[in-house]
2 protein chains.
Amino acid sequence: MSLLVVGSVAFDTIETPFGKAERVLGGSATFFMFAASYFTPQRLVGVVGHDFPPEVLRELEERGVDLRGLKVDADGKTFHWTGRYEGDMNAAQTLGVSLNVLGSWKATVPEEFRDSEFVFLANDHPQTQLDVLASVRGNPLSVADTRDFWIAEEPALLAELLHRVDGLVLNEHEARLLTGEHNLVRAGAGILKRGPEFVVVKKGEHGALLFCGEGTFAVPACPLEEVRDPTGAGDAFAGGLMGYLASTGKRSLEAIRRGITYGTVTASVAVEDFSVEPFRRTSRQALNDRHDAFLKAIRF
Amino acid sequence: MSLLVVGSVAFDTIETPFGKAERVLGGSATFFMFAASYFTPQRLVGVVGHDFPPEVLRELEERGVDLRGLKVDADGKTFHWTGRYEGDMNAAQTLGVSLNVLGSWKATVPEEFRDSEFVFLANDHPQTQLDVLASVRGNPLSVADTRDFWIAEEPALLAELLHRVDGLVLNEHEARLLTGEHNLVRAGAGILKRGPEFVVVKKGEHGALLFCGEGTFAVPACPLEEVRDPTGAGDAFAGGLMGYLASTGKRSLEAIRRGITYGTVTASVAVEDFSVEPFRRTSRQALNDRHDAFLKAIRF
C-alpha cells in the first residue's frame, strides 16, 4: 500500500569517537526511506537545494521512491546539520544548523499523493505536521515523530497533533519531557491518554517500549558489536516499522509488533557506519537474515 | 535438586527518592533466597550476629532454607550497609559499611551441603568463592557474582574463578571494567573467552544480555510503573534464575533462558519496595501471573 513520508533530506557533518564524516547524506526522511525501501515503494515530500547530487535522487528512485513531492530549489542550498557524539553516544550535540532551503519551504502534499494509506510525519513543526495530515484524504495510518524543541515551544499544537495521529514515536528523553514523568511506563501510558492509539518510546541501545490499549510491550535493541554513528537510528526505526506495515496493509497490534522488530533491525543497520552507507551494503536477504537472528536472540 | 547459596545476610539502611528504610533486612544471600524460594528448597552458608531477629530465621526456614550452614555469632553484630540512590537510581552510593561479624568470618560449607548440585556464589572475595567451590563435590552448576572492587584488586584470583565457574552474572559497569570494552556485546564475548560457559550482563531497568556458545540473547526488564528501591535486584535476579534451574535440574541453554525470564520477574518484585517486603506480599501464584504477563510483553 502507498506510504508517504514528509521530512528532511540533508547533508550531515558528524563526528563520533569512531571517526568523522563531512557533508554526507542525511536527514530524517532519508534514513526513513532507506529503511522502508526494503519493504515497499514510497512517496516523498521534501526539499533539497541546487547542490544536491542528482545521482542520489536516481538512487532513491531505484529504491522505489516517488519524488514528485520533492522540490529541488534552484535558489538555495540543501539543509546542513553538523553534530558530534561523545562518550556513550546516546545523544547528539548539535554544533551547527544551516536550514538553507528548508527555512523558506512549506511542505505541500501533491494531489497524486493525497490518497496515501500510510503516512509518516518526521520531526517538524507540529503545525506543518497537522497541515500535511489534513491534506491526506481518507483514513490513513498516520505516525508522527517529534522532538524536545516542539514539546517545549508548541505544546498546544502538539496536543492537537496527538489527537490526530494514530501513532507517536519519540525517544525516552522526549517522553519524559512531554509528560513530566521520569518513569517511562508512566510516561508512555500518559501519552497514550492524550490521543494516539499507540506510542513507541525509543531507548537507543536499550531497545524500545510499545504502549497501546492491549498493554505495554518491551523489545531490546539488536546486540551490536560496533556502533560507529547513531545518526538516523530513530528514523530508520520508523522506516522499518512503517515500511513493513505498508507492505502488509495491516494496522493490527500483531502487525505493529512485527513492524517494531523490523524497525529495530533497520535501526541496527543505520548505526553501523556513517550516513546511509550501511544500507547500501545490506541486501534485502541480509536484512531478513538479520531479522531472523534478532528474533532468535529475543526469544525467551 | 539441591541449591547452595553463599553470601551475606545483613541489615540495610537505605535512602531513595521515594523514602527511607532504617536497619531493614538485606544482604546478597537474603535477596537471592527470597527469590529462589518460589522454586526450590535451599541451603545457606552465611553469618549473622547476636542482634539478628530469630523470627527472620524462622521465616527463612518456612521458605525452605536449610540453615545448618548459617553461623549465629554471639560475639558480634550483623553486617550493616548504609546506602543512598539518587536521580535515575541506577547505582547505589555507599554511605557506610559495618562489616561486624562478616569481618572475621570464613565461609565454610558443612559436610551435609557438599553434595549440592547447584551453587550460587554471591559477591565476595574471589579466594573465598574459589574455596567454597573447591569444597563442593561432583560437578555442580556453579554461578558467581562479583563486583568492581574485586575486579580492580584481585584480577588474578578472579581470572582463576572465571575458569572454575559455569556462569558469571555481573552488571554492565562491571563487565566494562573487567574487559576494558565499552561495547557490552564485545565485553560479554570477552568474558566468555575467559572461561565461563555463560555470562549474564545485567542492565537494571534495561534488562539483561546472555552470552553463551550458542550466541547472544537480549531480554528487557519488566516494564514497571513503580521502582522504590533497587537494592537486591541483582541478587533477586540470580535467585530466580538459579531457583528455577535447581527446581528443574536442567542446565541446558533452554533452561537458562527460561530461568532468566524468572530472574527478571523476581528482580522486578525486589525493586517495588524496600527490603524483602515485596516478596512477602507476592504469592507464588502472583509470581506466575507476573511471569505470564512478562512473556506476553516480550513476545514480538
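Okay, here's what the table says:
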quantity: Occluded residues from the stretch B:178-203, i.e. those whose accessible area drops by 50 Å² or more once the chain is not alone (1.4 Å probe); calculated: B:185, B:186
quantity: Rg over Rh, two decimals, the stretch B:241-300 (C-alpha only, Kirkwood Rh); calculated: 0.99
quantity: Spherically averaged projected area in nm², based on the convex hull that wraps the Cα atoms of the stretch A:1-143; calculated: 9.0
quantity: Overall form of the stretch A:32-103 per C-alpha gyration tensor (a/c, 1.5; a/b vs b/c); calculated: oblate
quantity: Shape category assigned to chain A from the gyration tensor of Cα positions, a/c cut at 1.5; calculated: rounded
quantity: Two-site label geometry, residue A:252 and residue A:285: point separation in nm, points 7 Å out along Cα→Cβ; calculated: 3.1
quantity: Euclidean distance of C-alpha centroids, the stretch A:1-76 and the stretch A:107-161, integer Å; calculated: 18
quantity: Ranking by accessible area, most exposed first, for B:82, A:78 with a 1.4 Å probe; calculated: B:82, A:78
quantity: Axial C-alpha extent at least 15 Å, average Kyte-Doolittle at least -1.0 - helices from chain A (DSSP); calculated: A:233-248, A:253-270
quantity: Within 10 Å of each Cβ in A:211-223, the average number of Cβ atoms from other chains; calculated: 5
quantity: Average beta-carbon neighbours from other chains, 10 Å sphere, peptide A:254-266; calculated: 1
quantity: For chain B, built as a Gaussian network whose Cα springs stay under 10 Å, the top-fluctuating residue of B:27, B:249, B:213; calculated: B:213
quantity: At 7 Å out from Cα toward Cβ: residue B:50 inter-copy label distances (nm, ascending); calculated: 9.3
quantity: Residue of chain B nearest the B-to-A rotation axis [by Cβ], rounded angstrom distance; calculated: B:206, 2
quantity: Local electrostatic count, residue B:33, Cβ distance below 12 Å [Lys/Arg +1, Asp/Glu -1]; calculated: -3
quantity: With every protein chain in place, chain B: carbon and sulfur % of accessible area (1.4 Å); calculated: 47
quantity: Estimated inter-spin distance, residue B:111 and residue A:18, nm [label 7 Å along Cα→Cβ]; calculated: 5.9
quantity: Residues with amide H under 5 Å from that of residue B:144, placed H, sequence gap 5 or more; calculated: B:121, B:167, B:168, B:169
quantity: Average accessible area per residue (Å²) across chain B - probe 1.4 Å, nucleic acids and ligands excluded; calculated: 40
quantity: Between A and B, accessible area buried - total, square angstrom, nearest 100, 1.4 angstrom probe; calculated: 2600
quantity: Inter-copy label distances at residue B:99 (7 Å, Cα→Cβ; nm, one decimal); calculated: 6.4
quantity: Share of alpha-carbon pairs per 10 Å distance bin for the stretch A:120-163, given as whole %; calculated: 29, 59, 12, 1
quantity: Rounded accessible area of residue B:212 (nearest 10 Å², 1.4 Å probe); calculated: 10
quantity: Simple label model, 7 Å out from Cα along Cβ direction - residue B:88 to residue A:159, nm; calculated: 2.9
quantity: Gyration tensor verdict on the stretch B:73-134 (Cα atoms; rounded if a/c is under 1.5, prolate if a/b is larger than b/c, oblate otherwise); calculated: oblate
quantity: Phi-based couplings in Hz for the stretch B:71-82 (Karplus 6.51, -1.76, 1.60; Gly and Pro marked x); calculated: 8, 9, 8, 6, 8, x, 9, 6, 3, 10, 10, 10
quantity: Taking the stretch B:154-294 and dividing mean pair separation by its residue count, relative contact order in percent (alpha carbons under 8 Å, at least six apart); calculated: 17
quantity: Distances in nm from residue B:139 to the matching label points in the other copies, shortest first (labels 7 Å along Cα to Cβ); calculated: 6.2
quantity: Kirkwood Rh and Cα Rg combined as Rg/Rh, the stretch B:197-288; calculated: 0.97
quantity: Where Rh is the Kirkwood radius over Cα pairs, Rg/Rh for the protein assembly as shown; calculated: 1.03
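The values are calculated or read from the model by the stated rules, or taken from the named source; none is laboratory data. Keep in mind the model is a prediction, meaning the values are calculated, not measured. Here the Cβ is made from the backbone with ideal geometry for all residues, glycine too, and neighbour counts use every protein chain on show. Accessible surface areas use protein heavy atoms only, side chains included; no ligands, DNA or RNA. Shrake-Rupley method; radii C 1.70, N 1.55, O 1.52, S 1.80 Å.
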